[in-house]
């Protein structure tokens, strides 16, 4: 995995960059959940005990804000990278 930021990124506020990065992470996680759900459905079935365990485990790892329809929690100020 890699993150490359062009020097031009400095022309926008850091808060904008942070929002864009977090949006990209959220989108990637949603894509991961969709892929896991499809693979689980095609192999063991989403309604099976195994399928439910796989999806529950993934949701625990990704956190509640990453599940569709879940309210976003406020994790606090976050980490500031300098």
How would you rank 27, 48, going from fewest to most other Cβ atoms within 10 Å of each one's own Cβ? 27, 48
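What's the exposure ranking of 54, 44, going from fewest to most Cβ atoms within 10 Å? Please report the intermediate quantities before stating the final value.
On the way: 54 18, 44 15.
The fewest-first ordering by Cβ neighbours comes to 44, 54.
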Nitroxide proxy distance, nm - points 7 Å out along Cα→Cβ at residue 38 and residue 57: 2.1
Give me the mean projected area, in nm² to one decimal, of the convex hull enclosing the Cα positions of segment 15-62. 3.3
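Only the coordinates and a few stated rules stand behind these numbers; no lab work does. All values derive from a computational prediction rather than experimental measurement. With ideal geometry, Cβ positions are generated from the backbone for all residues, glycine too; neighbour counts draw on all protein chains shown.
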